[in-house]
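Visitor: Input: one structure, supplied below.
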Amino acid sequence: MKTIVSITSLERSGSTILDLSLSKHPKMISFGEVWRTLSPGRSIDRVKNMDCNCGHKVKDCEFWSKVFEQIEREKSIKWIERYYIFLEIFYSFYGDDFIPIDSSKFLRAIEKFKLLDDYQVKTIFTIRDVRGWTYSIKLSEKRKKEMPLKLIFDFNEFKWQWKAYIRYNFLRKVPGWLSYEWMYRNRKILKFLEKNNYNYLKISYEELNFNDKVFDKIFNFIGLNNTVLQNSKAHIVDGNRTAFSKDLSLRYDLKWLRDKPINIMLPQVGYFNKKYVWEWD
Ligand SMILES: [Zn+2]
């Protein structure tokens, strides 16, 4: 059976580094947030003019141009039909033994994998230490301003972003909220994966850095040998594309340990953190 690897996590939890590391495997290729790229809510003309991280527009990208030509030809408006077209083109373009990486992070996309028959979806859930996560979020919020209000007037974006909008602009101003939000959102993903019998592997950002056997474990889960790695390969339209232009060698982000931020945290958040971030085999 053909395999798809899906990566799910909160933002700033090491998923980009994981995605990039996996796409260095000769048999794996990254496509960013595929469900989002294929969303029927966005006009095809608009997507065709978006940039792929291979350096071309979607309409000129060697991979995505084929996908959208076929979507137009078959007039596929259903999300799942489009995903099947994506898969069909993927396997004919690269070969049946290749594996696409879909880093659609959010549950709204992850739940769609239930609709795919005849493929085995292997989900990697990444989680980062609550102290590192909250610190990283605070730093990035200092750099960014509030999430712009114009976002909620763009309906297509709004569908994806309204919860984030409320979080950014209101809830995160409440002291202690962030660590609770971290637990609440991570737990929601875990519960979903459990309840729907997803075949998943939990990897923390800390394990990714400090367990030297971690890639054996990941490739074993995917069903590939941990072979000599090459350059990462990707056609990413939606997702953390900026990451691909920077130096992304695996290096633990120690800022939160160095700066020693004050953390307001409920005991159950600490317990959750210990269990899901720092315990691994
Ligand atoms: Zn491309």
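Read-outs: derived from the displayed coordinates by stated rules, not from any lab. Keep in mind that what you see is a predicted model, and the values were worked out from it rather than measured. Please note: Cβ atoms are built from the backbone with ideal geometry, for glycine as well, and neighbour counts cover all protein chains shown.
Visitor: For the stretch 55-151, how big is Rg over Rh, using alpha carbon atoms and the Kirkwood form of Rh?
Guide: Numbers: Rg = 18.0 Å, Rh = 16.8 Å.
My calculation puts Rg/Rh at 1.07.
Visitor: Can I ask one more? Considering the dipole of the chain built from charges on the beta carbon (Lys and Arg +1, Asp and Glu -1) around the Cα centre, which of 79, 223, 98 is farthest to its positive end?
Guide: 79
Visitor: Using a simple charge model, +1 on the beta-carbon of Lys and Arg, -1 on the beta-carbon of Asp and Glu, nothing else, what dipole does the chain show about its Cα centre, in debye to the nearest 20?
Guide: Dipole size: approximately 1200 debye.
Visitor: Relative to the longest principal Cα axis of the chain, at what angle does helix 64-73 sit, 0 to 90 degrees, rounded to 10?
Guide: So the helix axis and the longest Cα principal axis differ by about 60 degrees.
Visitor: Using the Karplus curve 6.51 cos²θ - 1.76 cosθ + 1.60 with θ = phi - 60°, work out ³J(HN,Hα) for each residue of the stretch 74-84 in order, rounded to whole Hz, and write x for Gly and Pro.
Guide: With coefficients 6.51, -1.76 and 1.60, one gets 8, 6, 7, 9, 7, 4, 5, 4, 5, 5, 5 Hz.
Visitor: Over all distinct alpha-carbon pairs, what is the Kirkwood Rh of the chain in angstrom? Each step should come with its number before you reach the end.
Guide: Values: mean 1/r = 0.0504 Å⁻¹.
Its Kirkwood hydrodynamic radius stands at 19.8 Å.
Visitor: Now for a different question. Which of the chymotrypsin sites (Phe, Trp or Tyr not before Pro) found in the stretch 206-239 are in a DSSP loop and have at most 15 neighbouring Cβ atoms, other than their own, within 10 Å?
Guide: In loop regions of the stretch 206-239 (DSSP not H, G, I, E or B), there are no sparsely surrounded chymotrypsin sites (Phe, Trp or Tyr not before Pro).
Visitor: Output the 0 to 90 degree angle, nearest 10, between the alpha-carbon long axis of helix 177-195 and the longest principal axis computed from the alpha carbons of the chain.
Guide: Helix 177-195 sits at roughly 50 degrees to that axis.
Visitor: To continue, here is another question. List 178, 115, 107 from most exposed to least, where exposure is judged by having the fewest other Cβ atoms within 10 Å.
Guide: So the ranking, lowest neighbour count to highest, is 115, 107, 178.
Visitor: Sequence-distant or interchain residues sharing an amide H contact under 5 Å with residue 234, placed H: which?
Guide: 30
Visitor: Amide H neighbours of residue 2 under 5 Å, counting only residues 5+ apart in sequence or on other chains, H built in-plane at 1.01 Å?
Guide: Here 120 satisfy the definition.
Visitor: Can you compute 3J(HN,Hα) from phi for each residue in the stretch 91-105, using the Karplus curve 6.51 cos²θ - 1.76 cosθ + 1.60 with θ = phi - 60°, rounded to whole Hz and x for Gly and Pro?
Guide: 5, 6, 6, 9, x, 5, 8, 8, 10, x, 10, 10, 9, 4, 7
Visitor: Using the Karplus equation 6.51 cos²θ - 1.76 cosθ + 1.60 (θ = phi - 60°), what ³J(HN,Hα) coupling, rounded to whole Hz, does each residue of the stretch 114-122 give in order, writing x for Gly and Pro?
Guide: 4, 7, 7, 8, 6, 10, 9, 9, 10
Visitor: For the charge dipole of the chain, defined by +1 on Lys and Arg C-beta atoms and -1 on Asp and Glu C-beta atoms about the Cα centroid, which residue among 34, 107, 266 has the Cα displaced farthest towards the positive pole?
Guide: Of the listed residues, the answer is 266.
Visitor: Å³ per residue of the Cα convex hull, for the stretch 1-54?
Guide: 127
Visitor: Also, quick follow-up: What is the sum of charges, Lys and Arg at +1 and Asp and Glu at -1, for the other residues whose Cβ falls under 9 Å from the Cβ of residue 273?
Guide: The answer is +2.
Visitor: Follow-up. Tally the DSSP beta bridges in the chain and give the antiparallel ones as a percent, rounded to 5.
Guide: Rounded to the nearest five, the antiparallel share is 5 percent.
Visitor: Using only Cα atoms, find the angle between the long axis of helix 155-169 and the longest principal axis of the chain, and express it within 0 to 90 degrees, rounded to the nearest 10.
Guide: 10
Visitor: Long-range amide H contacts for residue 201: which residues qualify at under 5 Å (H placed 1.01 Å from N, peptide plane, sequence gap of 5 or more or a different chain)?
Guide: Placed amide hydrogens put 123, 124, 125 under 5 Å from residue 201.
Visitor: For labels at residue 216 and residue 173 in the simple 7 Å Cα→Cβ model, what's the distance in nm?
Guide: So the two model labels end up 5.1 nm from each other.
Visitor: Further, regarding this structure: Let's see if you can work this out: charge +1 on each Lys and Arg Cβ, -1 on each Asp and Glu Cβ, no other charges. What is the dipole magnitude of the stretch 1-79 about its Cα centre, in debye to the nearest 20?
Guide: 160
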